[in-house]
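All remarks here apply to the structure that follows.
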Amino acid sequence: MEYNFRAIEKKWQTQWKASGAYKVSNQSDKPKCYVLDMFPYPSGAGLHVGHPLGYIASDIYSRYKRLKGFNVLHPMGYDAFGLPAEQYAIEHGVHPAVSTAKNIDTFRKQLDNIGFCYDWDREVRTSEPGYYKWTQWIFLQLFKSFYNRVTQKAESITHLISEFEKKGNAMHECPGDASIKFSSEEWKAYAEKEKQDILMNYRLAFCGYGEVNWCEALGTVLANDEVVNGVSERGGYPVVKKKLRQWYLRITEYADRLLDGLKTIEFSEAMQEMQTNWIGKSFGAEIDFAILSHQSSDLSNHTLTPHDSPLTVYTTRPDTIFGVDFMVVAPEHALIGQITTPAQKQAVEAYITYVKSRSDRERQAEKKISGCFTGAYAVNPFNGKQIPIWISEYVLAGYGTGAIMGVPCGDERDHKFANHFNIPITNIIGTYYNGTDANPTKDALLENSEFLNGIVMRDAIGIVNAKLEEMGIGKKKVNYKMRDAAFSRQRYWGEPFPIQWKKGAAIPLNEKELPLLLPEVDSYSPGPEGEGPLANIPEWVARELETNTMPGYAGSSWYFLRYMDPHNNETFCDRKVSDYWNQVDLYIGGTEHAVGHLLYSRMWTKALCDLGHIGFDEPFRKLLNQGMIQGSSRFVYRVKGTNNFVSHSLFDGNAYKIEDTDPIRVDVNFVDGVELDIAAFKQWRNGEYANAELILDDGKYICGSEVEKMSKSKFNTVNPDDLVEKFGADTFRMYEMFLGPVDQSKPWDTKGIEGVHRFLKKLWRLFFDDLKGKVWNEEKATSEELKVLHRTIRKIEEDTERFSFNTAVSAFMICVNELADLKCNKREVLQSLIIMLTPYAPHISEELWTALGNAGSVLDAAYPVFEAKYVTESSKEYPVSINGKVRTNINIALDASPEQVQEIALANELVQKWIEGKPLKKFIFVKGKMINVVI
RNA sequence: GCCCUGGUGGUGGAAUUGGUAGACACGCAGGACUUAAAAUCCUGUUCGCCGCAACGCGAGUGCGGGUUCAAUUCCCGCCUGGGGCACCA
């Protein structure tokens, strides 16, 4: 009886589906475990071998936990709203819902092929009205809330209104505009429109005018994390700054909690750092400098007179205040018009025009040092020194106050600026400054700094801050790089906002009116004046509904909650249910969502928790990032201007040079390793290369190779369906794990999958012989056989718990090799082995489990229990402890302490007992002294 | 430039974190079975040296130092692949 994986896998997949083997109940006495994959965007390209890597890992872990007695929630769904489907609709006129549904079908078939244990009854699609009803509902909760900085949590806006009525906003500084201040009387006197405008400055989801990343080609606004190097992440189109009415999430209010929360969850160092950098918290001070300028139209008059308002700068290094040699304000800064002297006016205007002409892309690509003097001066409050005020594009309007103090000896950018414009440099750090490079140290003793002379910079920060505060011209200030998240898109294929505009005020729809359905449109093209396609629908506009839609990340910010209670039509997720499932115990996905999805979903969770809808404020307890599987492309080399293709191996000699050829990618699927299947190549692409002359090396055509991203256009994708067809799902699953650590990126290489396939066949032969049929028996296992088994039990448990799936697969191979060597076909051993194998290779395990005559499914078998006695008895390993560690051999340092010597003596005694007089195998000597004993 | 992260045979990778480096697998070489192939099994496979052979000797985890009885593992200085951030004052 042969291992017929095709029949076995088909049989059990059908069987599991029929019996509902993967249905998960929300009620159980078992402890819960929630294992989640980042759900995919169903693109038209389907899955390649890189996608299932994380899915297989999570599937193994889920099945393992189930065997270990947990009630495991392991769902899957689709992030179905998004730009590509809409682009496709614009180009081909196919409704996004249609193309998305088709893509989902393909995904589902591919996923089913691999034998995952998802509970498909819990599938979610973010584009379904039953789902986005609740996305809209959560949006309304955010809209109706504000962040109370006193209690440090989100609270209802009605509470804020009652506060305003009692005390005005003295207790609640306005996060949208700190200059807004009013008393309770003033509040009551405001007209309704004014009140609404003020409240908008507090809401967690709010609408306002702002500089946004506008992408003309995509006809929409993009979030900061969707813009890479000044172009759109999708499509690579140019992005410009534009002032538009937009919806935002006030994520900045959560900056500190998003930072603190990182300490309570297990994210990789790299991930924590990416989020920390993105939030970009910095501690510093805002300092007011008096301004001297003059506004006389007489160009020969250079008399300086004090200006009304001060120049406020933000700095993290107030200790360097005596090293300030110039000020720089952003070109967009409001003061420029007021302080620029007539003599400099023309130059300044020319400079601002130049800056405006430069796109973000140019600004980032070529960082030229540029700037212009305003003619005005700031005054150092401590020594009265006059400091020239410049404008330059290297200072960003959106961060801090949009103005900085330039300290060339301590800041590299300031140093370059000073050098470029020949501004004299004041050295306040003595020998720490070498005259050519700025030194950002905090350890130097200050010089040329009057009352700070001789003080370590680190300590001077506090001294200066105290003094500034005392003088009333400065205060400590915390700044963040993170901005509020742009939350509207001028697109069709997204959730409509449940908002009506009445007399310029945003009115939320009644929750009973949800979902606000996405209407049908005739055209997916943008509407007028930067509005979305919804603005083309007369009925929509007549109802005064918001014409923007929500961005892709709206639906994905909370989907992990919907899986818990996917069919509930009364609430997004019953509180009892979310209390039971609680946090995601293991979340697996790529690093590409580090600052997008993972930050937004953390914020939504915190807000929902604050408002009492769920009981935890971090969604993901542990995050595992799978590595990317790269493609390994193959090339043939056509000699320029000919139809001759040279084997790559011939470039070593002098006959052919690689420079004289054009490398052409060929489909990796007809290259075996690096050897080209010539017949397949000639038939490729309808015989495009049928007449190619191949210059062979020893009868073979050897291709060149290069590792790059896996993509269809590079002909380096490998479809999992093909591998499953050829080797079976179990082999495919185990091979993906065997490739290496899950968190490591590596190029795909199909060579080697045979080894895993051989392992499964070898396992099969422990049960069945091709001729004799079943060979397993009921004999009692020897202690040697039990030793092999129990070593494996321990190893598989350890490795699965620490996500070291590749070494676990190796452990299975070792076990089967050893059992084959021992000719062990005993049920007692084999049965335990296949239970452990179930998470890795579920189909063959189930088949063998049944073959052994067991009732029920192996999915719920009792996991074998490791017993140390089988492993330790008369084995290489023994329970001798030195410094609390069990070792497989003993190491004795001759200069060990008396206690250690005693311990070693004891150890030796134990060793003698264990080996029962057998001679020690090996003594290890170093420099003539015995230090190590192996038995 | 800054911050992570890795560098181990022909290849993917092990080494349970300081204890016999190279597990397991691929590939390769040789052999068995076969008319032949596939499949399967066995032997060898870090490099170098000696030998008929077993045994043996020397070197070896990117490079150079250091700590230790003992270093792939810890420390210092370089070289290098991958990822992230990049005028955030």
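Tabulated values for the structure
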| quantity | calculated |
| --- | --- |
| Qualifying residue in region A:180-197 (condition: modelled with pLDDT of 90 or more, open to solvent by less than 40 Å² (accessible area, probe 1.4 Å), under 25 Å from A:GLU513 (Cα atoms) and not in a loop (DSSP other than H, G, I, E, B)) | no |
| A:VAL788 being among the aliphatic types (A, V, I, L, M), within 16 Å of RNA strand B (Cβ to nearest atom) and within 25 Å of A:ARG63 (Cα to Cα) | yes |
| A:MET405, sole failed condition from (1) within 12 Å of RNA strand B (Cβ to nearest atom); (2) in a loop (DSSP other than H, G, I, E, B); (3) under 20 Å from A:HIS307 (Cβ atoms) | (2) |
| Scope region A:162-173; condition of a type outside the set (D, E, K, R) and open to solvent by 50 Å² or more (accessible area, probe 1.4 Å); matching residues | A:ALA170, A:MET171 |
| Complete set of residues in region A:665-679 that are open to solvent by 30 Å² or more (accessible area, probe 1.4 Å), of a type in the set (A, V, I, L, M) and touching a residue at least 12 places away in the same chain (Cβ under 8 Å) | A:VAL674, A:ILE678 |
| Filter pass, A:THR431 being β-branched (Val, Ile, Thr) and within 9 Å of RNA strand B (Cβ to nearest atom) | no |
| Single unsatisfied condition, A:GLY773 versus (1) within 10 Å of RNA strand B (Cβ to nearest atom); (2) touching a residue at least 40 places away in the same chain (Cβ under 8 Å); (3) small (Gly, Ala, Ser) | (1) |
| Output for region A:690-717, where each listed residue is outside any strand (DSSP E or B), over 15 Å from A:SER647 (Cα atoms) and in contact with a strand residue (DSSP E or B) (Cβ under 8 Å, 6 or more places away or on another chain) | A:LYS709, A:MET710, A:SER711, A:LYS714, A:PHE715, A:ASN716, A:THR717 |
| Members of region A:408-428 that are over 19 Å from A:VAL379 (Cα atoms), within 12 Å of RNA strand B (Cβ to nearest atom) and in a helix (DSSP H, G or I) | A:GLU412, A:ARG413, A:HIS415, A:LYS416, A:PHE417, A:HIS420 |
| Those residues of region A:63-93 which are modelled with pLDDT under 90 and out of contact with any Lys or Arg (no Cβ under 8 Å at 6 or more places or on another chain), in sequence order | A:GLY82, A:ALA85, A:GLN87, A:TYR88, A:ALA89, A:ILE90, A:GLU91, A:HIS92, A:GLY93 |
| Subset tally (residues that are more than 8 Å from RNA strand B (Cβ to nearest atom), within 23 Å of A:MET471 (Cβ to Cβ) and surrounded by 16 or more Cβ atoms within 10 Å (Cβ to Cβ)) for region A:383-402 | 3 |
| Check on A:PHE767, crowded, with 20+ Cβ neighbours inside 10 Å and either near RNA strand B (Cβ under 10 Å from one of its atoms) or under 30 Å from A:VAL742 (Cα atoms) (or both) | no |
| Residue satisfying all of: in region A:742-756; part of a helix (DSSP H, G or I) and open to solvent by 20 Å² or more (accessible area, probe 1.4 Å); farthest from RNA strand B (Cβ to nearest atom) among these | A:GLU754 |
| Single condition A:GLU592 does not satisfy, out of (1) over 20 Å from A:ARG125 (Cβ atoms); (2) of a type outside the set (S, T, N, Q); (3) in a helix (DSSP H, G or I); (4) in contact with a Phe, Trp or Tyr (Cβ under 8 Å, 6 or more places away or on another chain) | (4) |
| Tally of residues being in a helix (DSSP H, G or I) and open to solvent by 10 Å² or more (accessible area, probe 1.4 Å) across region A:263-295 | 10 |
| In region A:613-642, residue farthest from the chain's Cα centre (by Cα) [restricted to those that are crowded, with 21+ Cβ neighbours inside 10 Å and of a type in the set (Val, Ile, Thr)] | A:VAL636 |
| Given (1) over 22 Å from A:LEU396 (Cα atoms); (2) surrounded by 14 or more Cβ atoms within 10 Å (Cβ to Cβ); (3) of a type in the set (Val, Ile, Thr), index of the condition A:VAL355 fails | (1) |
| Count of region A:836-858 residues which are within 41 Å of the chain's Cα centre (by Cα), in contact (Cβ under 8 Å) with a residue 12 or more places away in the chain and open to solvent by 10 Å² or more (accessible area, probe 1.4 Å) | 3 |
| Residues satisfying the stated conditions in region A:814-835, i.e. among the hydrophobic types (A, V, I, L, M, F, W, C) and surrounded by fewer than 19 Cβ atoms within 10 Å (Cβ to Cβ) | A:ILE814, A:ALA820, A:LEU822 |
| A:ALA376 being away from RNA strand B (no atom under 14 Å from the Cβ), part of a helix (DSSP H, G or I) and either of a type in the set (Val, Ile, Thr) or closer than 19 Å to A:ILE291 by Cβ (or both) | no |
| Candidate set: region A:429-467, residues that are assigned to a loop (DSSP other than H, G, I, E, B) and on the phi > 0 side of the Ramachandran plot; chosen: the one modelled with the lowest pLDDT | A:GLY435 |
| Every residue from region A:240-260 that is modelled with pLDDT of 90 or more, surrounded by fewer than 19 Cβ atoms within 10 Å (Cβ to Cβ) and more than 30 Å from A:GLY472 (Cα to Cα) | A:ARG257, A:LEU259, A:ASP260 |
| Search result, residues across region A:428-448 that are open to solvent by less than 40 Å² (accessible area, probe 1.4 Å) and either hydroxyl-bearing (Ser, Thr, Tyr) or more than 43 Å from the chain's Cα centre (by Cα) (or both) | A:GLY430, A:TYR433, A:THR441 |
| Matching entry among A:ILE537, A:ILE507 (being within 21 Å of A:LYS144 (Cα to Cα) and without any contact (Cβ under 8 Å) to a residue 40 or more places away in the chain) | A:ILE507 |
| Subset of region A:468-484 [among the hydrophobic types (A, V, I, L, M, F, W, C) and either open to solvent by 50 Å² or more (accessible area, probe 1.4 Å) or modelled with pLDDT under 90 (or both)] | A:MET471, A:VAL478 |
| In region A:216-239, the residues that are open to solvent by less than 20 Å² (accessible area, probe 1.4 Å), of a type outside the set (Val, Ile, Thr) and at pLDDT 75 or above | A:LEU218, A:GLY219, A:LEU222, A:SER232 |
| Total residues in region A:232-291, condition within 14 Å of RNA strand B (Cβ to nearest atom) and on the phi > 0 side of the Ramachandran plot | 1 |
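Quick grid of which residues meet (1) assigned to a loop (DSSP other than H, G, I, E, B); (2) without any contact (Cβ under 8 Å) to a residue 12 or more places away in the chain:
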site: A:PRO551; (1), (2): yes, no
site: A:PHE560; (1), (2): no, no
site: A:GLU570; (1), (2): yes, yes
site: A:CYS573; (1), (2): yes, no
site: A:VAL577; (1), (2): no, no
site: A:TYR580; (1), (2): no, no
site: A:LEU599; (1), (2): no, no
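The values are calculated or read from the model by the stated rules, or taken from the named source; none is laboratory data. Bear in mind the structure is a predicted one, so any value in this text is a computation, not a measurement. All Cβ positions, glycine included, derive from the backbone under ideal geometry; neighbour counts span all protein chains shown. These accessible areas exclude ligands, DNA and RNA; they are computed on the full protein's heavy atoms, side chains included. Shrake-Rupley method; radii C 1.70, N 1.55, O 1.52, S 1.80 Å.
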